[in-house]
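A short write-up of the structure that comes next.
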Amino acid sequence: HFNYPVRQAAADGSFEWTEHPGGSGAMAQKLREGELDVALLLTEAATLFAHKGDVTIVGSFVDTPLTWGVHALAGSKPSLDSTYAVSRMGSGSHLMALVAARQRKAPDPEFVVVGDLQGARKALENKDADLFMWEKFTTKPLVDSGEWSRVAEVPT
């Protein structure tokens, strides 16, 4: 996982590392509220929030594309134009669903705000949403367990 080197560096106690399951949108909000000093955000979200004046980009951590998985409840066969669960509007899961739709020259999909990965699990299980986009290695355990299937991939 891309956070591993930072987590290892924090282990010596020279700084505090906190995980934020809500993703880049949750971290940007904590930056705005003064609860965080620094955050590692996904490029798409960081660019959006920097454009709005909410955050300042001070550097890059990786320069390789992130591959987003488009996930569905295992056994379902939704269209890529179905309803997407998103952690929040303006989040990476929201922005990448829009990017993917525009790449397909499809209309913008419908969205259901679910807060985080656990909220997405509930939304897909309860059929409140059909699809969820999240970084594919983070969701690999859900695919491997048979709870979700990865129906497409979208590189940034």
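Here Q8 fulfils each of the conditions (1) assigned to a loop (DSSP other than H, G, I, E, B); (2) open to solvent by 80 Å² or more (accessible area, probe 1.4 Å) apart from (1). Applying the condition of being modelled with pLDDT of 90 or more and either assigned to a loop (DSSP other than H, G, I, E, B) or aromatic (F, W, Y) (or both) to segment 17-37 and asking which residue is least open to solvent (accessible area, probe 1.4 Å) yields L36. Apart from one condition, L40 fits all of (1) assigned to a loop (DSSP other than H, G, I, E, B); (2) at pLDDT below 90; (3) open to solvent by less than 40 Å² (accessible area, probe 1.4 Å); the exception is (3). Pairs meeting the criteria (first residue in segment 1-22 and over 23 Å from R121 (Cβ atoms), second residue surrounded by 11 or more Cβ atoms within 10 Å (Cβ to Cβ) and of a type in the set (D, E, K, R), beta carbons under 6 Å, at least 6 apart or on different chains) are W17/R7.
The values are calculated or read from the model by the stated rules, or taken from the named source; none is laboratory data. Given the structure is predicted, the values throughout are model-derived calculations rather than measurements. Positions of Cβ are generated from backbone atoms using ideal geometry, with glycine treated the same way; all protein chains shown enter the neighbour counts. The area values use the complete protein model at the heavy-atom level, side chains included, leaving out ligands, DNA and RNA. Shrake-Rupley method; radii C 1.70, N 1.55, O 1.52, S 1.80 Å.
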